[in-house]
Amino acid sequence: MKLVITTLVIVLFFLALMFCVENMEHQVTVHFLNYASPPLPVFVVALLSALGGVVLTGLVTLVEGIKLRVRNAQLSRRVRKLEAELDGLRNQALGPPPPGSAPEATESRPEAPAPAPAAPYWSPPGS
């Protein structure tokens, strides 16, 4: 795999070199707003445009990465807070009730009376 990547990089380098050599004689003037550049070879304009795209993409990626890290830190703090709350609730349920606290709902509910035995649907003959 390393050989394939190395070969691909070498081929791309030679293609870029050929592009530069072929476009050395052709001159262009770039007009942007009120600015006009001196005549430049086409390959210089193409390389500067590509470099500008790489820089802009890097800046956007950097800003997005910072936003992502800030959000990740916020969520990590929230998870720690919720885990601490959950541990507190777990420990509270395991310990004895504090003195003077209200009894649990299951303890204060009176027992339901046992149901009366049902009358038989039929009575045996001779009874």
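Those residues that are in contact with a Leu (Cβ under 9 Å, 6 or more places away or on another chain) and either surrounded by fewer than 10 Cβ atoms within 10 Å (Cβ to Cβ) or not in a strand (DSSP E or B) (or both), I need them from region 37-55; list them, please.
So the first thing to find is which residues in region 37-55 are in contact with a Leu (Cβ under 9 Å, 6 or more places away or on another chain), and the list is 40, 48.
Selection gives Leu48 alone.
Give me a count of the residues in region 81-118 that are modelled with pLDDT under 70, surrounded by 10 or more Cβ atoms within 10 Å (Cβ to Cβ) and of a type in the set (Gly, Ala, Ser).
Looking only at that region, the number is 0.
Let me spell it out: the conditions are (1) polar (S, T, N, Q); (2) surrounded by 10 or more Cβ atoms within 10 Å (Cβ to Cβ); (3) more than 39 Å from the chain's Cα centre (by Cα), and Asn34 meets all of them except one. Which number is the exception?
With (1) polar (S, T, N, Q); (2) surrounded by 10 or more Cβ atoms within 10 Å (Cβ to Cβ); (3) more than 39 Å from the chain's Cα centre (by Cα) applied to Asn34, the lone miss is (2).
Pairs only if they're at least six apart or on different chains, beta carbon under 7 angstrom, first in region 1-29 and surrounded by 10 or more Cβ atoms within 10 Å (Cβ to Cβ), second part of a helix (DSSP H, G or I); list them, first residue then second.
Phe19/Phe43; Cys20/Phe43; Asn23/Val42; Asn23/Phe43; Met24/Phe43; His26/Val42; Val28/Val42; Val28/Val45
The values are calculated or read from the model by the stated rules, or taken from the named source; none is laboratory data. The structure displayed is predicted, hence computed values, not measured ones. Neighbour counts are summed over all protein chains in view; Cβ atoms, including those assigned to glycine, are modelled from backbone coordinates with ideal geometry.
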